[in-house]
1. Provide a single number: the residues in segment 66-103 that are of a type in the set (S, T, N, Q), within 14 Å of V41 (Cα to Cα) and touching a residue at least 40 places away in the same chain (Cβ under 8 Å).
2. Just for helices (runs of 4 or more DSSP H) wholly inside segment 37-107: which have at least 1 residues that are charged (D, E, K, R), out of contact with any Phe, Trp or Tyr (no Cβ under 6 Å at 6 or more places or on another chain) and open to solvent by 50 Å² or more (accessible area, probe 1.4 Å)?
3. Taking interchain pairs and intrachain pairs at least six residues apart, which have beta carbon atoms under 8 angstrom, with the first residue in segment 45-62 and closer than 13 Å to C98 by Cα and touching a residue at least 12 places away in the same chain (Cβ under 8 Å) and the second part of a helix (DSSP H, G or I) and of a type in the set (K, R)?
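The values are calculated or read from the model by the stated rules, or taken from the named source; none is laboratory data. The shown structure was predicted, so the numbers you read here are calculated from the model rather than taken from an experiment. Because the Cβ atoms are built from the backbone with ideal geometry, glycine has one as well, and the counts that use them run over all protein chains shown. Remember, those area values only see protein heavy atoms, side chains included, never the ligands or the DNA or RNA. Shrake-Rupley method; radii C 1.70, N 1.55, O 1.52, S 1.80 Å.
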Amino acid sequence: MRSLAFLVALTGLCACQMSAPLQQSAEEVARGQAKTVVNTVVESKMPGLNAAPVTDCIIDNASMNEVFTIAKATVTGIDDSTVSTVMDVAKRPDTVTCIAKNKLGLN
């Protein structure tokens, strides 16, 4: 976990100096970690919804900076700032459209 936090921090600080494959790999790791966090937030804040597709829509509409910020919560824990970031992305028109387009209903 500490190596992930280091990798996330290093990617955020040095993204412009990294080779494309390394940056892509760091982004993929961060997205995977962020999905875990977002899934937890969605299950907590949107009970009754199928969390996985909602999570995908949120991750797909988050900036990489937001993804890295959310992913850090796998190491530091989910706090109010993390929840706020997730919910802000969830409220964006493109995210809402994605959720509706996937016809997400109640379980």
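1. Residues flagged as of a type in the set (S, T, N, Q), within 14 Å of V41 (Cα to Cα) and touching a residue at least 40 places away in the same chain (Cβ under 8 Å) within segment 66-103 amount to 2.
2. Numbers: elements: 51-61, 64-71, 73-76, 80-90, 93-101.
So the answer is 51-61, 80-90, 93-101.
3. T55/K35; D56/K35; I59/R31; I59/K35
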